[in-house]
Amino acid sequence: MKLVVLGGGGFRVPLVHGALLRDTAERRVTEVVLHDTDPTRLAVVQQVLAAQAEAGAASRPAHLPPPTVTATTDLDAALPGADFVFSAMRVGGLEGRTADERIALDLGLLGQETTGPGGVGYGLRTVPVALDVARRVQRLAPDAWVINFTNPAGLVTQAMQTVLGDRVVGICDSPLGLATRAAGALGHPLDDLEIDYAGLNHLGWLTALRHDGRDLLPGLLADDAALGGIEEGQLFGTDWLRSLGALPNEYLFYYYCTREAIAQISGAHETRGEFLAGQQADFYAAVAADPGAAWQRWDAVRRERNATYMQETREGDDGTHERAEADVEGGGYEGVALALMAAIARDEPARLILNVRNGGTVACLPPDAVVEVPCRVDASGPAPLPVSPLPGHALGLVQQVKAVDELVIAAVTQGSAALAVQAFALHPLVDSVGVARELLAAYRRRLPEHYAALR
């Protein structure tokens, strides 16, 4: 099978490649094509992947060679014959990410790449590229499945579905990590439990974990030691989780603790995007200068990157709240991607939390809205499983953010600055129409090439 990776020069591509190297099934990915607009980054990632394959050669069966890896900056050359297209683009690069953070912070708002005004700005420049990619896939690889990890993942998945329909599936590792931690605290493997989780990407709630029909989540919520021992207990506090009667996705910290998040991000000497920009510039330059150390350098940088993920949510007054070692070591989204590909290509049924078309799964949302829910996946693709109704506070937030997603897509497709301002203004983390206008104006000044089509 052929896999095309969009954003193939990205730092996390070796995680996907590593998952492919561990896949020992006969029907598996044998060809990987990396596509990126930056040839220098592509060359560095190719060096890392070659070293990664060599490092694991001794433990790999001789009859299962690693996938061939090629790279190109020509998307039309990459796509023909693709069975799967993995989209992990970052439109605007890390310069765009730092803009998403700093523009909002300068206006006293949350500066975060996918949540709040930063997510709206990110979506406005990403949806045009995603729609172009979808049209090219439709023309050059009409039988391919698109696995979207490009953020904002739910919004981008919904935009691409307007062209490719249900053959676009969004993935994220946050819900899986949440469910895995909760199951571990309950003393159960996750595979033994039925997951009841619903919402949008980076905006969902785990409302039940059932074993043989019995919900175990109330027991976890009542257990101070077990609940306080998981990331969510430390992040939100056990009292708040018991008040909710559910475990929220970690990104809900930015809604429930907005002031604290802004204060901690503003108080740091650099934003997450600025940290990554410096870290990655050093990494790519170092590997280009010394290819022989490509794998070791990548692995060391990966660990540092993972350890500092969402750091602003873990810094308490005493500075002792550190990320769990299992989360530092583990990946996540690459495992979801491989399981999704295996379920479709080999008809190996799997239960995964995915971003898919709603239908009637989450009440009070449009049928074509992309939601994040548990699905059963087989050769025919994902099918959403029934979920419990969201409580009013959660449903209201989901409806408001989904309305913003739809305004972003409409703004792009209609080239409307007025709709873009609406998208900013109606987001629950933006507190003024005037500020919404300032946000769009700031994006136009800082990244004019990405917002010129909005008139």
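Mean 1/r over all different Cα pairs, inverted: what Kirkwood radius does region 1-146 give, in Å?
Answer for region 1-146: a Kirkwood hydrodynamic radius of 16.6 Å.
What helices in the chain pass both tests, a Cα length along the helix axis of 15 Å or more and a mean Kyte hydropathy of -1.0 or higher, using whole DSSP H runs?
Helices passing the filter in the chain: 39-55, 93-106, 117-140, 153-164, 174-186, 272-289, 333-345, 392-414, 433-446.
Just want the answer: with Cβ charges of +1 for Lys and Arg and -1 for Asp and Glu, which residue in PHE236, GLY415, CYS172 is farthest toward the dipole's positive end in the chain?
So the residue we want is GLY415.
What does the C-alpha gyration tensor say about the overall shape of region 182-256? Classify as rounded when a/c is under 1.5, otherwise prolate if a/b is larger than b/c, or oblate.
oblate
With a 10 Å radius around each residue's Cβ, average the other Cβ atoms per peptide and rank 176-182, 160-166, highest first.
In descending order of packing, they fall as 176-182, 160-166.
Using only the Cα atoms of the chain, each taken as one equal point scatterer with no solvent, compute I(q) by the Debye sum, divide by I(0), and report log10 of the ratio at q = 0.08, 0.09 Å⁻¹.
For the requested q values the scattering log ratios are -0.44, -0.57.
Report the dimensions of region 319-455 along its three principal axes from the alpha-carbon atoms, largest first, rounded to Å.
Sorted largest first, the three principal extents are 50, 43, 35 Å.
If you place +1 on the Cβ of every Lys and Arg, -1 on the Cβ of every Asp and Glu, and leave all else neutral, what size is the dipole of the chain about its Cα centre, to the nearest 20 Debye?
Here the chain has a charge dipole of around 1220 debye.
Less than 15 Å Cβ to Cβ from ALA425, Lys/Arg counted +1 and Asp/Glu -1: what total charge do the surrounding residues give?
That works out to -3.
Rounded to the nearest 10 Å², what accessible area does THR68 show when all protein chains are kept and the probe is 1.4 Å?
80
Rounded to whole Å, give me the distance from the Cα center of region 240-272 to that of region 170-234.
Answer, in whole Å: 19.
The values are calculated or read from the model by the stated rules, or taken from the named source; none is laboratory data. Remember, it's a predicted structure, so these values are computed and weren't measured experimentally. So basically every Cβ, Gly included, is an ideal-geometry build from the backbone, and we count neighbours across all protein chains shown. When the accessible area is computed, the model is the full protein with side chains, heavy atoms only, and any ligands, DNA or RNA have been set aside. Shrake-Rupley method; radii C 1.70, N 1.55, O 1.52, S 1.80 Å.
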